[in-house]
Amino acid sequence: MLVNEGESLMRRWLEWRRVLVLTGVYACLVSCADRPRSSQALDHSSTAPRASQAIPDAKALSGLESTLRGQLVSTDAVVLNDSAQLHIRVVAQALFVADSPDLAPGADEVLQPLAATLSAYPKTHVELRAYTDDLDSSPSALVLTQKRAEQVANYLTQHGVALERLQVHGEGHNAPIASNSSAEGRRANRRLEILISALSS
């Protein structure tokens, strides 16, 4: 008895399924059943980390580089971009009084546009590294370069750059970029290097 009733129910189900398939309703039911899983997978993927999250940092440096090149085109500053950091190299003669940490009268030509541009790009970190030549190998060379870096930092903070974005280093005669055996090489080694990196968002 139960077997006959089961077979009857099965026959009825197959008949209804055939009707539903023919009318397209069955296909719709299958599609609707799958939809929540697809939607869930889409939502999950939208929260996954993306490699493109680092792109704004690269774009920020690129925009900053373009602006600074335009602002400093008439100065002795050299602007380099290695994609991780922006390097600005300025000979000390353009910024400081000879053998002194005091800013030279013409220092504004470099520092004013630098301060304005850094203020426009607040999500950056700035390192100020001052160097000299090896004519003076005493500790006073380190003191001089430290004070020079601090003078530049003071100028930038007075012109709108937040102090917490800045780091200063007096490097003395370390890391020369030219030979100290010539006047030209010593002039190149007496310099300020500004390293700018984009903060992670």
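For V126, the test of being assigned by TED's automatic domain parsing to the domain that holds E65, touching a residue at least 24 places away in the same chain (Cβ under 8 Å) and either closer than 30 Å to S181 by Cβ or over 22 Å from the mean Cα position of the chain (by Cα) (or both) is failed. Residues that are surrounded by fewer than 16 Cβ atoms within 10 Å (Cβ to Cβ) and hydrophobic (A, V, I, L, M, F, W, C) were ranked within the stretch 105-123; the one that is modelled with the lowest pLDDT is A120. Filtering R89, R69 for residues that are within 21 Å of A188 (Cα to Cα), modelled with pLDDT under 95 and either surrounded by fewer than 14 Cβ atoms within 10 Å (Cβ to Cβ) or in the same structural domain as R148 (by TED's automatic domain parsing) (or both) leaves a single hit, R69. If you filter the stretch 63-108 down to residues that are part of a helix (DSSP H, G or I) and touching a Leu at 6+ places or on another chain (Cβ under 9 Å), you find that the one that is nearest to A141 (Cα to Cα) is A92.
Somewhere in the stretch 132-151, is a residue under 25 Å from the mean Cα position of the chain (by Cα) and under 19 Å from D82 (Cβ atoms)? No, every residue in the stretch 132-151 fails to be under 25 Å from the mean Cα position of the chain (by Cα) and under 19 Å from D82 (Cβ atoms). The residues in the stretch 124-135 that are part of a loop (DSSP other than H, G, I, E, B), crowded, with 19+ Cβ neighbours inside 10 Å and not charged (D, E, K, R) can be counted, and the count is 1.
In the condition set (1) touching a strand residue (DSSP E or B) at 6+ places or on another chain (Cβ under 9 Å); (2) under 21 Å from L114 (Cβ atoms); (3) of a type in the set (A, V, I, L, M), V143 is compliant with all but (2).
The values are calculated or read from the model by the stated rules, or taken from the named source; none is laboratory data. Fair warning: this is a prediction, and the values are worked out from it, not measured in the lab. Cβ: placed from backbone, ideal geometry, glycine included. Neighbour counts: every protein chain shown.
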